[in-house]
Ligand code: CAA
């Protein structure tokens, strides 16, 4: 698929079922213009629709940024009534999260600020390069996070750190982000993409329906009580026991061979 502000590549390495999506406005530090966000929704919808693709990686082009936020130049002259009447960010925020049920990883190279941090936190998990910097600096612009940052950051790293970051606008470096559980791990910048693609290929090699189910149940932990979440988990587990991949997975274990997955 061809886009103006992002690139989209299926089977990024060796027919591996991994889609690589790259934010591609390096001169603007991959700022999230409305075109970028529309194209991202299209790319994720294409990923979801393609049965050969099982896991995606989202990253930024250039060495400086994953994304330095929503496009300030685009927002600076926009009348307040338009933000309200368009329900600004609602479409992109909710569509992006719902565009795919399949797993995807954010590979954060450099700045992930404002909408960039919020976009990374929409991923199932984040792998960061050693020069990654996370922040919600919207307060410096006289506004506040608008794509879920105040909620997802607080759930990820707790109230004190999230509150301090939103109120001061300070950036959090990669090591601190790992200690705070915002990211899975930190790798040297040069190794980031290879690490993320390898992790995605590992996920792509798992039974695909079970991958979707595992994602769904972990996400349920953020939406409901412990008791409700445990019921959802049990029901999804029980449903999976009826799948062809469950029969294959257990037979493969007993026969000491690799499973061959059907995704059903
Ligand atoms: N929107 C539009 N353009 C941006 C941008 C953004 N969010 N961030 C950077 N750019 C542009 C700069 O304007 C500059 O363009 P020009 O060369 O045409 O002037 C180019 O990218 C390079 O940026 P800098 O020269 O500023 O690079 P730097 O290395 O000196 O600083 C930075 C890097 C600290 C990340 C700085 O660019 C910066 O502070 N960016 C803005 C960060 C920010 O406030 N993000 C939040 C946006 S609001 C938001 O996201 C709302 C929400 O909740 C969704």
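Can you find a residue in the range 34-43 that is more than 11 Å from the ligand (Cβ to nearest atom) and in a loop (DSSP other than H, G, I, E, B)? No, the range 34-43 contains no residue that is more than 11 Å from the ligand (Cβ to nearest atom) and in a loop (DSSP other than H, G, I, E, B). For residue 83, the conditions (1) part of a helix (DSSP H, G or I); (2) more than 9 Å from the ligand (Cβ to nearest atom); (3) within 25 Å of residue 223 (Cα to Cα); (4) touching a helix residue (DSSP H, G or I) at 6+ places or on another chain (Cβ under 9 Å) all hold with the exception of (3).
Is there a residue in the range 72-80 that is more than 16 Å from the ligand (Cβ to nearest atom) and free of Cβ contacts under 8 Å to residues at least 24 places away in the same chain? Checked the range 72-80: at least one residue is more than 16 Å from the ligand (Cβ to nearest atom) and free of Cβ contacts under 8 Å to residues at least 24 places away in the same chain.
A search for C-beta distances below 8 Å between a residue of the range 152-175 that is at positive phi and any residue that is part of a helix (DSSP H, G or I) and modelled with pLDDT of 95 or more, counting only pairs 6+ apart in sequence or on different chains, returns 169/137; 169/138; 169/139; 169/140. In the range 12-19, the count of residues that are within 16 Å of the ligand (Cβ to nearest atom) and under 20 Å from residue 126 (Cα atoms) is zero. Residue 165: assigned to a helix (DSSP H, G or I), crowded, with 20+ Cβ neighbours inside 10 Å and touching a strand residue (DSSP E or B) at 6+ places or on another chain (Cβ under 9 Å), yes or no? Considered against the rule, which asks whether it is assigned to a helix (DSSP H, G or I), crowded, with 20+ Cβ neighbours inside 10 Å and touching a strand residue (DSSP E or B) at 6+ places or on another chain (Cβ under 9 Å), residue 165 comes out as yes. Only one entry of 52, 59, 100, 93 meets the criterion of being closer than 26 Å to residue 175 by Cβ and more than 8 Å from the ligand (Cβ to nearest atom), and that entry is 59. Within the option set 52, 22, 59, being surrounded by fewer than 16 Cβ atoms within 10 Å (Cβ to Cβ), at pLDDT 95 or above and not in a helix (DSSP H, G or I) holds for one residue only, 52.
Would you point out which residue out of 216, 223 is in a loop (DSSP other than H, G, I, E, B), under 19 Å from the mean Cα position of the chain (by Cα) and either under 27 Å from residue 154 (Cβ atoms) or at pLDDT below 95 (or both)? Walk me through how you get there before you give the answer.
Numbers: 216 fails: in a loop (DSSP other than H, G, I, E, B).
Only one candidate passes the filter, namely 223.
Only one residue in 111, 134 is crowded, with 19+ Cβ neighbours inside 10 Å, within 8 Å of the ligand (Cβ to nearest atom), at pLDDT 95 or above and under 27 Å from residue 12 (Cα atoms), so which one is that?
111
Test each condition in (1) within 29 Å of residue 237 (Cβ to Cβ); (2) in contact with a helix residue (DSSP H, G or I) (Cβ under 6 Å, 6 or more places away or on another chain) for residue 131 and report the one that comes out false. Every condition holds for residue 131 apart from (1). Within the range 138-148, the set of residues being crowded, with 18+ Cβ neighbours inside 10 Å and within 6 Å of the ligand (Cβ to nearest atom) comprises 138, 145, 146, 147. For the range 177-188, the set of residues classified as crowded, with 16+ Cβ neighbours inside 10 Å and more than 17 Å from the chain's Cα centre (by Cα) consists of 180, 187, listed by residue number. Across the range 15-39, the number of residues qualifying as within 26 Å of residue 213 (Cα to Cα) and out of contact with any strand residue (DSSP E or B) (no Cβ under 6 Å at 6 or more places or on another chain) comes to 3. For the range 232-250, the criterion of being closer than 23 Å to residue 151 by Cβ and over 19 Å from the mean Cα position of the chain (by Cα) is satisfied by at least one residue. For the range 187-202, the criterion of being in contact with a helix residue (DSSP H, G or I) (Cβ under 9 Å, 6 or more places away or on another chain), closer than 22 Å to residue 99 by Cβ and in contact (Cβ under 8 Å) with a residue 60 or more places away in the chain is met by none of the residues. For the range 118-128, does any single residue satisfy the condition of being assigned to a strand (DSSP E or B), within 8 Å of the ligand (Cβ to nearest atom) and in contact (Cβ under 8 Å) with a residue 12 or more places away in the chain? Taking every residue of the range 118-128 in turn, none turns out to be assigned to a strand (DSSP E or B), within 8 Å of the ligand (Cβ to nearest atom) and in contact (Cβ under 8 Å) with a residue 12 or more places away in the chain.
The values are calculated or read from the model by the stated rules, or taken from the named source; none is laboratory data. The model shown is predicted, which means the values in this text are computed figures rather than measured ones. We place every Cβ from the backbone using ideal geometry, glycine too, and count neighbours over all the protein chains shown.
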